[in-house]
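The values are calculated or read from the model by the stated rules, or taken from the named source; none is laboratory data. Since this is a predicted model, take the numbers as computed values, not measurements. Glycine also receives a Cβ, built like all others from the backbone with ideal geometry; neighbour counts cover every protein chain displayed. Accessible surface areas use protein heavy atoms only, side chains included; no ligands, DNA or RNA. Shrake-Rupley method; radii C 1.70, N 1.55, O 1.52, S 1.80 Å.
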Amino acid sequence: MTHIYNDPDTFKSDVLTGFAAAHPRYVERVPDASGFIRAGGPLAGKVSLVIGGGSGHYPSYNGVVGPGFADGAVLGDIFASPSAEQVYRIARAAHGGAGVVLAFGNYAGDRLNFGVAADRLRAEGVDVRVVWVTDDVASAPAGAEEDRRGIAGTFTVYKMAGAAAEEGRDLDEVERLMRYANAVTYSFGVAFDGCTLPGARDALFHVKDGQVDFGLGIHGEPGISTTDWIPAARLADQLVDRVLAERPASADGRAAVLLNGLGSTKYEELYVLWSEVEPRLRAAGVDLIDPEVGELVTSLDMAGCSLTVTWLDDELEPLWRAPADTPAYRRGQAVAGGLFTERAVSAGATEEGTHEIASDASRRHATIAQSLVATLAATVEEHKERLGEIDAVAGDGDHGIGMSRGSRAAVEAAEAAVSAGGGVRSVLEAAGAAFGDRAGGTSGILWGLLLETVGEGLGNQEPVTLDGLAAAVRAGATRVQTFGHAELGDKTMLDALCPFADALEQGAEVALPLAKAWRAAAEACTRAAEATAPMVPKVGRARPLADRSIGTPDPGAVSLALIVTAIGEQLDQTCQNLEESS
């Protein structure tokens, strides 16, 4: 278990505070942001490598900020992508004028949030490249490498990109070398037991006594196959065989090799396993270049380990062997600054613009919108544990936690917008921005976009009508679908959202009262959410464990159905106010 914490909700921020206090020689906090830049940075003329993802993987991300490695790190909550706003703030602070590479493991929430941040930076004139790592051979077959997760191979890929940037390579070269390193990196892992989120009563999953799970993820996802316990020699066979199976034809034998502990597996156990792995690699013709055995990418207190091989050549080997000096990883004699000695002046985050003045009718309806956001939050809180349990079947179990964080932040933002005299658009846009920023992950950014788009459609001038609401919800569903790159039948929130939008439009067409139309749409949404149970997930973290997901509905679809149902019940009580003010 995670034994040391104050409030589970503040675990990440408490970690960041303690880390900054412990390592001022290496990192500087970015004000109002969830992460760090390198001490003395940003460096003028140097390409900046900004890495990130969910907390719980130390020393990955913040532990490797420093000369020869990363220039910045942004952290989300436990196992959740940082929000686009947080990525933007850290990257903006880390930019030294030569461009930024944003790097992370291949997870849907990270791709969405880092992508939005990149677009925002580009709009401000910053040259940004986005690279995600895809080393986990268990999560997709050969030929579908783009679908693979990023696990411990992120360490070697980040290391080589950081070394390239440190020696003065330009942005094109850093990106090219990083993509090349990723293409020749392969990992495979094993779990002996699951990990426990701070404050949780039990692990996200358990491996039965006397068994092991192969092909685990690093976000608490269970493995893809289970077998009885095997001794270290046979375990080494399994790991080595899987990572060497896709050895490139061009590989000359040189390789960076990591035997990575996931949090609870003792170093002595890792060395026992290494005593079996090392001779097997050499027998297969692998020339081990500065191998690493230890905890490099963890998963809180998960019991397990992974083996990573990155095939080297004359380009990559010097980058792997290059010096680095960070809080958790040191190699050789890295000199802070090196080629770059002048600190650049960071522009920092841009200021928000002024808000549109709302009409009296929209301000009246904004108070109703605020109360509905509060209903959303209360519903999530009531069902938080259940949503987490559904998510843990084939994912990382944090859906309820993330939705709770986001919805509570949305309530505060909505209240502030009403107090400032905002209309419906101002309230929902503020709620959406706060939801996305605080929740992080896929659900955070998609719910943020949904609330913001509905707010845009309703505006700050006109009173709310069913026709306007139906059009705004349809616009929100379209934006979620376009942005999330999901289709109906992929087993996502979209499978419940589109039927909800359809039913709401049908109610508008026959001129139903707003509350009645919403209730009918909520019923359609609930039926659609339940109908996701037999579906096979095609995107997101559940995809690698698709078979385990069959029989369990999608957590995003379920949470949407619960929320719109509760809002429908409240609309019965408040719709008279809407009609009187129309």
Is it the case, given these coordinates, that Ala191 is among the small types (Gly, Ala, Ser) and assigned to a helix (DSSP H, G or I)?
no
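For every residue, the table says whether it meets (1) closer than 27 Å to Asn113 by Cβ; (2) touching a His at 6+ places or on another chain (Cβ under 7 Å); (3) of a type in the set (A, V, I, L, M); (4) modelled with pLDDT of 95 or more.
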position: Ala472; (1), (2), (3), (4): yes, no, yes, yes
position: Asp490; (1), (2), (3), (4): yes, no, no, no
position: Ala503; (1), (2), (3), (4): no, no, yes, yes
position: Glu509; (1), (2), (3), (4): no, no, no, yes
Taking region 220-246 and keeping only residues that are assigned to a loop (DSSP other than H, G, I, E, B) and at pLDDT 90 or above, one is left with Trp229, Ile230, Pro231, Ala245, Glu246
Regarding Lys491, is this residue basic (Lys, Arg), more than 19 Å from Glu456 (Cα to Cα), in contact with a Gly (Cβ under 9 Å, 6 or more places away or on another chain) and without any contact (Cβ under 8 Å) to a residue 40 or more places away in the chain?
no
Tell me, which residue of region 107-149 that is of a type in the set (Gly, Ala, Ser) and in contact with a Ser or Thr (Cβ under 6 Å, 6 or more places away or on another chain) is farthest from Ala91 (Cα to Cα)?
Ala108
Of a type outside the set (Ser, Thr, Tyr) and touching a strand residue (DSSP E or B) at 6+ places or on another chain (Cβ under 6 Å): does that describe Phe205?
no
Taking interchain pairs and intrachain pairs at least six residues apart, which have beta carbon atoms under 6 angstrom, with the first residue in region 182-197 and closer than 20 Å to Gly395 by Cβ and of a type in the set (A, V, I, L, M) and the second modelled with pLDDT under 90 and assigned to a strand (DSSP E or B)?
none
What pairs can you find where one residue is in region 253-276 and on the phi > 0 side of the Ramachandran plot, the other is in a strand (DSSP E or B) and open to solvent by 10 Å² or more (accessible area, probe 1.4 Å), and their Cβ atoms are less than 6 Å apart, with a gap of 6+ or different chains?
Gly253/Asp287
Selection from region 137-177 of residues that are closer than 24 Å to Pro323 by Cα, open to solvent by 10 Å² or more (accessible area, probe 1.4 Å) and in a loop (DSSP other than H, G, I, E, B):
Glu167, Gly168, Arg169, Asp170
Positions within region 444-494 being open to solvent by 40 Å² or more (accessible area, probe 1.4 Å) and either of a type in the set (Lys, Arg) or part of a helix (DSSP H, G or I) (or both), in sequence order
Glu452, Glu456, Gly457, Asp467, Ala471, Arg474, Ala475, Thr478, Arg479, Gln481, Thr482, Phe483
How many residues does region 278-312 contain that are over 26 Å from the mean Cα position of the chain (by Cα) and part of a loop (DSSP other than H, G, I, E, B)?
7
Answer yes or no as to whether Gly217 is in a loop (DSSP other than H, G, I, E, B), open to solvent by 30 Å² or more (accessible area, probe 1.4 Å), small (Gly, Ala, Ser) and in contact (Cβ under 8 Å) with a residue 24 or more places away in the chain.
no
Single residue of region 495-507 satisfying the filter (in contact (Cβ under 8 Å) with a residue 24 or more places away in the chain and open to solvent by 20 Å² or more (accessible area, probe 1.4 Å)) that is nearest to Leu560 (Cα to Cα):
Pro499
Return the only residue of Pro248, Pro231 being open to solvent by 50 Å² or more (accessible area, probe 1.4 Å) and over 29 Å from the mean Cα position of the chain (by Cα).
Pro231
Among the listed residues Ala103, Ala98, Ala140, identify the single one that is within 21 Å of the chain's Cα centre (by Cα) and either at pLDDT 95 or above or within 23 Å of Pro59 (Cα to Cα) (or both).
Ala103
Can you tell me which of (1) open to solvent by 20 Å² or more (accessible area, probe 1.4 Å); (2) modelled with pLDDT under 95; (3) in contact with a helix residue (DSSP H, G or I) (Cβ under 8 Å, 6 or more places away or on another chain) is the one Arg548 doesn't meet?
(3)
Scanning region 257-277 for residues that are in contact with a helix residue (DSSP H, G or I) (Cβ under 9 Å, 6 or more places away or on another chain) and either in a helix (DSSP H, G or I) or open to solvent by 60 Å² or more (accessible area, probe 1.4 Å) (or both) gives Glu269, Val272, Leu273, Trp274, Ser275, Glu276, Val277
Looking across region 390-411 at residues that are among the acidic types (Asp, Glu) and open to solvent by 10 Å² or more (accessible area, probe 1.4 Å), the single one that is farthest from the chain's Cα centre (by Cα) is Asp391
State whether one or more residues within region 381-389 are within 30 Å of Pro553 (Cβ to Cβ), at pLDDT below 90 and either of a type in the set (S, T, N, Q) or open to solvent by less than 20 Å² (accessible area, probe 1.4 Å) (or both).
yes
Inside region 11-123, counting only helices (runs of 4 or more DSSP H) that do not spill past its ends, which hold 1 or more residues that are surrounded by fewer than 24 Cβ atoms within 10 Å (Cβ to Cβ) and of a type in the set (A, V, I, L, M)?
11-22, 108-123
